[in-house]
Amino acid sequence: MNDKDAVLILREDRYAKGANWPTDHSEYVCPCGRGKIVEDRVHGFDDHAVYFECDDCKSKYDIILGCGHRWETREKQR
């Protein structure tokens with residue numbers, strides 16, 4: 001799963017306290033379908049954070065950045 005084929009739940013601009021520019025906040029359905037993947041990107045910068053809000057997927061998958069997409073999930077190597 002990656003940022004192009006994940007199901008988008010929410011996308012909005014948020015202003016952090018004291019910030020002069022918005023953060024693009026996006027939420028996607030996680031691989032198991034019971035939680036979500038959250039992505040926060042600062043407009044005008046190549047800075048972003050992507051993380052799981054799902055304990056099940058957090059234990060089974062890694063989020064990889066800079067892989068031809070903004071982010072991609074891969075099963076953890078055991």
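With an 8 Å cut-off on Cα pairs and a minimum separation of 6 or more residues, tell me the relative contact order of the chain in percent.
Normalised by residue count, the contact order of the chain is 24 percent.
Could you tally up the Lys pairs in the chain with alpha carbons closer than 23 Å? Skip any pair fewer than 8 positions apart unless they're on separate chains.
9
Compute the FRET efficiency between TRP21 and GLU53 as 1/(1 + (r/R0)^6), taking r as their Cβ-Cβ distance and R0 = 22 Å, and round to the nearest 0.05.
Efficiency computed from Cβ-Cβ geometry: 0.35.
For the chain, what does the convex hull of the Cα positions come to per residue, in cubic angstrom?
99
Treating the beta-carbon of each Lys and Arg as +1 and of each Asp and Glu as -1, no other charges, what is the dipole magnitude of the range 1-60 about its Cα centre, to the nearest 20 debye?
Around 140 debye, computed over the range 1-60.
Looking at the chain, which chymotrypsin sites (Phe, Trp or Tyr not before Pro) are DSSP coil and have at most 16 other C-beta atoms within 10 Å of their C-beta? Before the final figure, lay out each step's value.
Working: sites: TYR15, TYR28, PHE45, TYR51, PHE52, TYR61, TRP71; in loops: PHE45.
In loop regions of the chain (DSSP not H, G, I, E or B), the sparsely surrounded chymotrypsin sites (Phe, Trp or Tyr not before Pro) are PHE45.
Could you tell me the calculated FRET efficiency between LYS76 and ARG34, based on Cβ-Cβ distance and R0 = 22 angstrom, to the nearest 0.05?
My answer for the efficiency is 0.75.
Once phi is turned into ³J(HN,Hα) by the Karplus curve 6.51 cos²θ - 1.76 cosθ + 1.60 with θ = phi - 60°, what whole-Hz value does each residue of the range 36-47 show in order, with x for glycine and proline?
8, 10, 10, 10, 10, 10, 8, 4, x, 10, 9, 10
With a probe of 1.4 Å, find how much accessible area the range 1-49 has per residue, and write the answer as a whole number in Å².
65
The values are calculated or read from the model by the stated rules, or taken from the named source; none is laboratory data. In this text, all values refer to a predicted model and were calculated from it rather than measured experimentally. No Cβ is skipped: glycine too gets one built from the backbone with ideal geometry, and neighbour counts run over all protein chains shown. These accessible areas exclude ligands, DNA and RNA; they are computed on the full protein's heavy atoms, side chains included. Shrake-Rupley method; radii C 1.70, N 1.55, O 1.52, S 1.80 Å.
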